[in-house]
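The values are calculated or read from the model by the stated rules, or taken from the named source; none is laboratory data. All of these numbers come straight from a predicted model, not from anything done at the bench. Every residue, glycine as well, gets a Cβ built from its backbone with ideal geometry; the counts of neighbours run over all protein chains shown. Just so you know, the surface numbers come from the protein's heavy atoms only, side chains and all, with ligands and any DNA or RNA stripped out. Shrake-Rupley method; radii C 1.70, N 1.55, O 1.52, S 1.80 Å.
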Amino acid sequence: MATAPVLDSFDRAILALLQQDNTLPQRQIAEAVHLSTPAVQRRIRRLQDSGVIAANVAVIDAAKIGRPLTIIVEVRVVSEQREKVAPFRHRVQDDPAVQQCYSITGDGDFLLLLSAASMEEYEAITERLFGGDDNIERFRTSVALGTLKRGFDVPLT
(Lines give C-alpha, C1' and ligand atoms only; values in the text may rest on other atoms or scores of the structure.)
Protein backbone atom coordinates (compact mmCIF):
# COMPACT_ATOMS: atom_id res chain seq x y z
CA MET A 1 0.00 0.00 0.00
CA ALA A 2 1.38 3.41 -0.97
CA THR A 3 2.22 5.88 1.75
CA ALA A 4 -0.24 8.73 2.03
CA PRO A 5 1.26 12.09 1.10
CA VAL A 6 1.84 14.63 3.84
CA LEU A 7 -0.82 17.33 3.60
CA ASP A 8 -0.10 20.85 4.77
CA SER A 9 -2.63 23.54 5.66
CA PHE A 10 -2.78 24.76 2.03
CA ASP A 11 -3.57 21.24 0.77
CA ARG A 12 -6.30 20.87 3.39
CA ALA A 13 -7.79 24.25 2.53
CA ILE A 14 -7.81 23.37 -1.18
CA LEU A 15 -9.42 20.00 -0.44
CA ALA A 16 -12.08 21.64 1.74
CA LEU A 17 -13.05 23.95 -1.12
CA LEU A 18 -13.04 21.15 -3.70
CA GLN A 19 -15.22 18.94 -1.48
CA GLN A 20 -17.85 21.66 -1.53
CA ASP A 21 -17.57 22.46 -5.26
CA ASN A 22 -14.98 20.83 -7.49
CA THR A 23 -15.93 23.15 -10.36
CA LEU A 24 -14.45 26.20 -8.65
CA PRO A 25 -11.97 27.92 -10.95
CA GLN A 26 -8.40 27.49 -9.75
CA ARG A 27 -8.05 31.27 -9.70
CA GLN A 28 -10.83 31.48 -7.06
CA ILE A 29 -9.26 28.69 -5.03
CA ALA A 30 -5.91 30.50 -5.18
CA GLU A 31 -7.50 33.71 -3.90
CA ALA A 32 -9.27 31.87 -1.08
CA VAL A 33 -6.17 30.02 0.15
CA HIS A 34 -3.70 32.86 -0.55
CA LEU A 35 -1.54 31.07 -3.11
CA SER A 36 -0.80 31.71 -6.76
CA THR A 37 -2.94 29.99 -9.37
CA PRO A 38 0.05 27.93 -10.66
CA ALA A 39 0.80 26.78 -7.09
CA VAL A 40 -2.82 25.66 -6.64
CA GLN A 41 -2.71 23.92 -10.02
CA ARG A 42 0.47 22.01 -9.01
CA ARG A 43 -1.02 21.03 -5.66
CA ILE A 44 -4.27 19.79 -7.20
CA ARG A 45 -2.31 17.75 -9.76
CA ARG A 46 -0.19 16.22 -6.94
CA LEU A 47 -3.34 15.43 -4.93
CA GLN A 48 -4.86 13.73 -7.99
CA ASP A 49 -1.69 11.84 -8.90
CA SER A 50 -1.26 10.58 -5.34
CA GLY A 51 -4.87 9.37 -5.19
CA VAL A 52 -5.92 11.78 -2.41
CA ILE A 53 -8.43 13.16 -4.91
CA ALA A 54 -9.93 9.87 -6.07
CA ALA A 55 -12.41 11.26 -8.60
CA ASN A 56 -14.05 14.37 -9.95
CA VAL A 57 -17.70 13.49 -10.39
CA ALA A 58 -21.19 14.96 -10.36
CA VAL A 59 -23.41 13.77 -7.51
CA ILE A 60 -26.82 13.04 -9.01
CA ASP A 61 -30.12 13.01 -7.14
CA ALA A 62 -31.27 9.51 -8.10
CA ALA A 63 -34.93 10.20 -7.32
CA LYS A 64 -34.99 13.04 -9.84
CA ILE A 65 -33.96 10.67 -12.63
CA GLY A 66 -36.48 7.96 -11.78
CA ARG A 67 -34.49 5.88 -9.27
CA PRO A 68 -36.20 6.73 -5.97
CA LEU A 69 -35.19 3.64 -4.00
CA THR A 70 -32.02 3.49 -1.94
CA ILE A 71 -31.53 -0.04 -0.70
CA ILE A 72 -28.95 -1.26 1.80
CA VAL A 73 -28.10 -4.95 1.61
CA GLU A 74 -26.02 -6.88 4.11
CA VAL A 75 -24.54 -10.04 2.61
CA ARG A 76 -23.09 -13.03 4.42
CA VAL A 77 -21.01 -15.51 2.47
CA VAL A 78 -20.29 -19.14 3.30
CA SER A 79 -16.55 -18.75 2.70
CA GLU A 80 -14.42 -15.64 2.51
CA GLN A 81 -11.67 -17.46 0.60
CA ARG A 82 -10.52 -15.27 -2.28
CA GLU A 83 -11.41 -17.76 -5.02
CA LYS A 84 -14.86 -18.45 -3.55
CA VAL A 85 -15.84 -14.78 -3.22
CA ALA A 86 -14.19 -13.55 -6.45
CA PRO A 87 -17.25 -14.15 -8.70
CA PHE A 88 -19.47 -12.15 -6.32
CA ARG A 89 -16.92 -9.32 -6.13
CA HIS A 90 -16.81 -9.14 -9.94
CA ARG A 91 -20.61 -9.04 -10.23
CA VAL A 92 -20.78 -6.25 -7.64
CA GLN A 93 -18.07 -4.21 -9.39
CA ASP A 94 -19.73 -4.61 -12.77
CA ASP A 95 -23.35 -3.95 -11.75
CA PRO A 96 -24.42 -0.33 -12.33
CA ALA A 97 -27.09 -0.50 -9.61
CA VAL A 98 -24.41 -1.02 -6.94
CA GLN A 99 -23.32 2.43 -5.83
CA GLN A 100 -21.05 1.33 -3.00
CA CYS A 101 -19.83 -1.94 -1.53
CA TYR A 102 -17.88 -2.44 1.66
CA SER A 103 -16.23 -5.49 3.15
CA ILE A 104 -17.34 -5.33 6.79
CA THR A 105 -16.92 -6.87 10.23
CA GLY A 106 -19.79 -8.19 12.30
CA ASP A 107 -22.59 -10.54 11.35
CA GLY A 108 -22.31 -9.84 7.62
CA ASP A 109 -19.37 -9.85 5.26
CA PHE A 110 -20.37 -7.16 2.76
CA LEU A 111 -22.60 -4.09 2.84
CA LEU A 112 -24.01 -2.83 -0.46
CA LEU A 113 -25.73 0.44 -1.26
CA LEU A 114 -28.01 0.06 -4.27
CA SER A 115 -30.08 2.39 -6.42
CA ALA A 116 -33.31 1.05 -7.93
CA ALA A 117 -36.28 2.41 -9.82
CA SER A 118 -38.74 -0.07 -8.29
CA MET A 119 -39.01 -3.16 -6.12
CA GLU A 120 -39.34 -5.20 -9.30
CA GLU A 121 -35.98 -3.88 -10.44
CA TYR A 122 -34.55 -4.66 -7.00
CA GLU A 123 -35.69 -8.27 -7.39
CA ALA A 124 -33.86 -8.45 -10.73
CA ILE A 125 -30.74 -6.95 -9.12
CA THR A 126 -30.78 -9.56 -6.34
CA GLU A 127 -31.11 -12.31 -8.92
CA ARG A 128 -28.11 -10.94 -10.85
CA LEU A 129 -25.97 -10.52 -7.76
CA PHE A 130 -26.95 -13.48 -5.59
CA GLY A 131 -28.89 -15.98 -7.73
CA GLY A 132 -27.16 -19.28 -8.32
CA ASP A 133 -24.17 -18.41 -6.12
CA ASP A 134 -23.76 -21.22 -3.60
CA ASN A 135 -21.30 -19.07 -1.65
CA ILE A 136 -24.02 -16.56 -0.68
CA GLU A 137 -25.32 -17.76 2.67
CA ARG A 138 -27.92 -15.01 3.04
CA PHE A 139 -28.65 -11.38 2.36
CA ARG A 140 -30.72 -8.96 4.41
CA THR A 141 -32.39 -5.94 2.84
CA SER A 142 -33.27 -2.54 4.27
CA VAL A 143 -35.02 0.12 2.23
CA ALA A 144 -34.20 3.73 3.07
CA LEU A 145 -37.36 5.64 3.95
CA GLY A 146 -35.70 9.03 3.79
CA THR A 147 -32.36 10.78 3.66
CA LEU A 148 -31.01 12.60 6.70
CA LYS A 149 -27.56 13.22 5.24
CA ARG A 150 -25.83 12.32 2.01
CA GLY A 151 -22.31 13.17 1.08
CA PHE A 152 -18.75 12.13 0.62
CA ASP A 153 -16.97 14.89 2.51
CA VAL A 154 -14.02 13.65 4.54
CA PRO A 155 -13.10 15.55 7.73
CA LEU A 156 -9.82 17.34 7.06
CA THR A 157 -8.76 18.06 10.63
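Data table
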quantity: Filtered residues of the stretch 5-20 (kept if within 12 Å of ASP153 (Cα to Cα) and open to solvent by less than 60 Å² (accessible area, probe 1.4 Å)); calculated: LEU15, ALA16, LEU17, LEU18
quantity: Of all residues in the stretch 119-157 being acidic (Asp, Glu) and more than 23 Å from the chain's Cα centre (by Cα), the one that is farthest from VAL92 (Cα to Cα); calculated: GLU120
quantity: Sole residue being modelled with pLDDT under 95, open to solvent by 40 Å² or more (accessible area, probe 1.4 Å), closer than 30 Å to LEU129 by Cα and of a type in the set (A, V, I, L, M, F, W, C), chosen from VAL78, VAL57; calculated: VAL57
quantity: Cβ-Cβ under 8 Å pairs, at least 6 apart or on other chains, the stretch 23-38 side without any contact (Cβ under 8 Å) to a residue 24 or more places away in the chain, far side assigned to a loop (DSSP other than H, G, I, E, B); calculated: ALA30/SER36
quantity: Pick from the stretch 86-111, criterion among the small types (Gly, Ala, Ser) and either closer than 27 Å to ASP61 by Cα or touching a residue at least 40 places away in the same chain (Cβ under 8 Å) (or both), ranking: least open to solvent (accessible area, probe 1.4 Å); calculated: ALA97
quantity: Number of positions in the stretch 112-131 that are open to solvent by 20 Å² or more (accessible area, probe 1.4 Å) and under 15 Å from VAL78 (Cα atoms); calculated: 1
quantity: Odd one out for GLU83, checked against (1) more than 28 Å from ARG150 (Cβ to Cβ); (2) surrounded by 10 or more Cβ atoms within 10 Å (Cβ to Cβ); calculated: (2)
